[in-house]
1. Name the residue that is nearest to I114 (Cα to Cα), counting only residues in the stretch 147-186 that are of a type in the set (G, A, S) and surrounded by fewer than 22 Cβ atoms within 10 Å (Cβ to Cβ).
2. Report whether or not I110 is among the β-branched types (V, I, T), surrounded by 16 or more Cβ atoms within 10 Å (Cβ to Cβ), farther than 30 Å from A378 by Cα and not assigned by TED's automatic domain parsing to the domain that holds L333.
3. Taking only pairs six or more apart or across chains, which ones have beta-carbon atoms under 8 Å, a first residue in the stretch 139-156 that is more than 21 Å from H413 (Cα to Cα), and a second residue that is surrounded by fewer than 21 Cβ atoms within 10 Å (Cβ to Cβ) and among the polar types (S, T, N, Q)?
4. Test H430 against the criterion of being touching a strand residue (DSSP E or B) at 6+ places or on another chain (Cβ under 6 Å) and either more than 24 Å from I262 (Cβ to Cβ) or not aromatic (F, W, Y) (or both), and give yes or no.
5. Check whether at least one residue in the stretch 256-263 is closer than 23 Å to V384 by Cβ and surrounded by fewer than 21 Cβ atoms within 10 Å (Cβ to Cβ), and report yes or no.
6. Quick check: is even one residue across the stretch 237-245 under 29 Å from the mean Cα position of the chain (by Cα) and free of Cβ contacts under 8 Å to residues at least 24 places away in the same chain?
7. Only one of these conditions is not met by R438: (1) at pLDDT 95 or above; (2) basic (K, R); (3) over 16 Å from L188 (Cα atoms). Which number is it?
Amino acid sequence: MIEPPLTPNAIAYAWERLWALAGAEELTIPRVYGPPHTPLPAPGVIISPAAAEAWEQLIQLPPNSLNWLPAEALFPPGYPRPFDDALPVLFWGETAGKRPPVRVREDGSILFAIDLIATILFMLTRWEEIVIAQRDSHDRLPATASVAYRQGFLDQPVVDRYAIILQAWLQKRFPSWQRPQRGFSLRLSHDIDHLRRFLHPNEALRQTIHDLWRQKRPVWALEDIRDFLMGRLWLDHNPYLSAMDNLAQLDEQAGYRGVFYIMAAVPAAYDEGFPVHTPALVRRLRELSARGHIIGIHPGYHTYLDPIRYQAEKARLETTLGRNIHHARQHYLRFRVPDTWRIAAQAGVVEDATLGYHDHEGFRCGTAHPFPVFDLIADHTLPVREHPLHVMDSTLITYRGLTPAQGLARLRHLARRVQEVGGEMHLLWHNTLTPPNRRPWMEVYRRFVTAPATVP
């Protein structure tokens, strides 16, 4: 069992993140992570630490056994709350007593009996992903194995919510301080795993027969034939490349510019290995870049623990485009904490966007804000920011088995959660939703990004 990352460096990191999320960078007051009776030179904030063994106890708790508190018990009396549902308490302070969870001491200092420092470190460093051994066949931690899923708060940006609560108490206690106003935004991204729908004639033949005889859809069968021929004879107008244009156009109509993550792997298991220097693709990428979209690397299936392969693929894309690449997301969302972050940093990546669960939408890191990465083994911050992923099309379609209407409802539910904390909702939509049976999900994307419906 690796020890909880409660070093002085880690605690300083957590304070910085908490203060930044609360928008309190300019508020210079004493801050203490220690016993509730710690004397302060002036009114400030005290967070009572949890017992060290509380970390291990948390990951061993039976499902749905955490304490939850109603929002009204956490906000100052009479304060306008941005949300009213209950919050989980991951860590109680060791000595502060469990009631009330937040109070003002006689000297005017704000005292939290909930350990917000441990909460932030637990969620942002992904400590549990080192100590929980369960993995799927692709060496990924399933959402269902996480504390957030097992305790029922995966759909809450719990780190951001506690920062909003701190912000409320700071505003109440120091009324001359003006809290910042943050609005809702979207982060739109697209993984380009494939350039062609069919790599081999046999694939096209099987799909055509299936759609013609099993599905009784002759129009679909004709599209299968067309897609195969386009991929072989007229790649510029192949549906998977045209889908990149369509996605970029939808992003622009919504007022955003997307991030397109491009594979540059050689052919291997789970990697198509298309030539990244394909002229039709290069033209698309240069045009997208000229329109303000970001081009990132989509490191292949085998790179998450292989720095040599990671750097080779990144260099291949950089050579093709004649520019440096600073954004990355791992193929299949394969990730190992903190190794993959280190590999990204060594390769010159400054933003990773991998940390969402493949099998469930929600807040894997407990936040709707990008954050600097803390390496809990090396005990320092890495020069990489994580831009956590909240929902992926294949999660809703394949792993969750939702209908398009249900998927749209889930997107809007998460959007409301993000709006409450003034965050940025991060979506991943692929360019492979062009076949007729997947096309309704492109419509879901269009409807959502142009009108997220972030209020009930």
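The values are calculated or read from the model by the stated rules, or taken from the named source; none is laboratory data. Since we're looking at a predicted model, the values are computed, not measured. Backbone-built Cβ (ideal geometry, glycine too); neighbour counts: all protein chains shown.
1. Once the filter is applied, the top-ranked residue is A168.
2. yes
3. L141/Q134; P142/Q134; A145/Q134
4. It is true that H430 is touching a strand residue (DSSP E or B) at 6+ places or on another chain (Cβ under 6 Å) and either more than 24 Å from I262 (Cβ to Cβ) or not aromatic (F, W, Y) (or both).
5. Yes, that holds for at least one residue.
6. Checked against the condition, which is being under 29 Å from the mean Cα position of the chain (by Cα) and free of Cβ contacts under 8 Å to residues at least 24 places away in the same chain, the stretch 237-245 yields no hits at all.
7. Every listed condition holds for R438 apart from (1).
Conditions (1) surrounded by 19 or more Cβ atoms within 10 Å (Cβ to Cβ); (2) at pLDDT 95 or above; (3) under 27 Å from F335 (Cβ atoms), marked per residue:
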residue	(1), (2), (3)
H360	yes, yes, yes
G401	no, yes, yes
A405	no, yes, no
G423	yes, yes, yes
H426	yes, yes, yes
V455	no, no, no
